Amino acid sequence: IGRLSLAFEGKQADGRIFTESYDELLKQNPEIEDILKMVVVQTTTLTNKDSKVVVNNLVLTGNNFLDFFNIPLIYGNTEDVFNKAGNIIISEKLALQLYGKTDVVGQEIKLEGRKYVLDKGFVNGVFKNIPANSHFHTDIIVSETDFSNLLMYYYLLLKKGVSNKELSHKITEAIQNTSENPIRKTAEASILPLTDIHLHSNVAKEIEPGGKIDYIYLIAGANILLLIIV
């Protein structure tokens, strides 16, 4: 699994990609088995029958989310938990906060924010809290089908043995050669392995602040030097 980012006019890549207009181009590459889109909404107000709370990092995503991320469900069926738009899964932490228990499938929820509104949604599953060492964290994930006017993170499921560098070059050429937009003709695609995002991501608008591999090299080098001196 890798995450696709695009840079234009020689500028720093934005971790997010705007609109779904790249879908058909990506699907023409046999190296790509599946595509996942994920939108992060920073602040949303959640209302249920008993309370109203502010939730951060609401995730809107496709129905194949659990095919990409191994997040275990405590309640709900992985096969159909996202079988239609508006289905919701929440973390055990949020379930306990809202209801005092985790068996809450079927509960009605309303979401309202500046960038996203869901007048009526239903909890279709409860997932285990996301581990601290993940590159993103959320307590609420909503199934979405329309990403046409949203900034989203693109994750690619690649066939075994595919070179990220070669596929990035191929996607770059395809974007530049099939667009009349002068800005798109400057596109530079890059695919970063999922496991490298925390320490090696160099994109603007990262989901969460990550670590820096340079700091690890610096600390390791300082300790080696100290050991030599001692």
Taking 0.36 nm per residue of separation between K101 and L151 and subtracting their Cα-Cα distance, the length gained on full extension comes to 14.6 nm
How large is the accessible surface per residue of segment 58-212, computed with a 1.4 Å probe and reported in Å² as a whole number?
54
Separation in nanometres of the label points that stand 7 Å from Cα toward Cβ, at E180 and K120:
4.5
Counting only protein heavy atoms, what percent of the accessible surface of segment 52-202 is carbon or sulfur at a 1.4 Å probe?
46
Along segment 112-119, Karplus-curve 3J(HN,Hα) (6.51, -1.76, 1.60; θ = phi - 60°) to the nearest Hz, with x for Gly and Pro, reads 8, x, 5, 10, 7, 9, 9, 5
Given Cβ point charges of +1 (Lys, Arg) and -1 (Asp, Glu) and nothing else, what value in debye, to the nearest 20, does the dipole of the chain about its Cα centre take?
400
Ratio of the chain's C-alpha Rg to 2.2 N^0.38 Å, to two decimals?
1.15
Between L218, L58, G125, whose Cα lies farthest towards the positive end of the dipole of the chain when Lys and Arg beta carbons carry +1 and Asp and Glu beta carbons carry -1, centred on the Cα centre?
L218
By the scheme Lys and Arg +1, Asp and Glu -1, what is the net charge of all other residues having a beta-carbon under 9 Å from that of K159?
-1
Three-way shape call for segment 1-91 based on the alpha-carbon gyration tensor, with the a/c threshold at 1.5
oblate
At 1.4 Å probe size, with no ligands or nucleic acids counted, give the accessible surface of T195 in Å², nearest ten.
120
Relative to the chain, whose Cα atoms define the longest principal axis, helix 213-229 and its Cα axis are tilted in degrees, nearest 10, by 60
From the protein chains alone at 1.4 Å, what is the descending order of accessible area for H198, H135, largest first?
H198, H135
Under a Cβ-Cβ cut-off of 11 Å, what is the net charge of the residues other than Y75 that fall near it, where Lys and Arg count +1 and Asp and Glu count -1?
0
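The values are calculated or read from the model by the stated rules, or taken from the named source; none is laboratory data. Please read all numbers here as calculations on a predicted model, not as lab measurements. Cβ: placed from backbone, ideal geometry, glycine included. Neighbour counts: every protein chain shown. When the accessible area is computed, the model is the full protein with side chains, heavy atoms only, and any ligands, DNA or RNA have been set aside. Shrake-Rupley method; radii C 1.70, N 1.55, O 1.52, S 1.80 Å.
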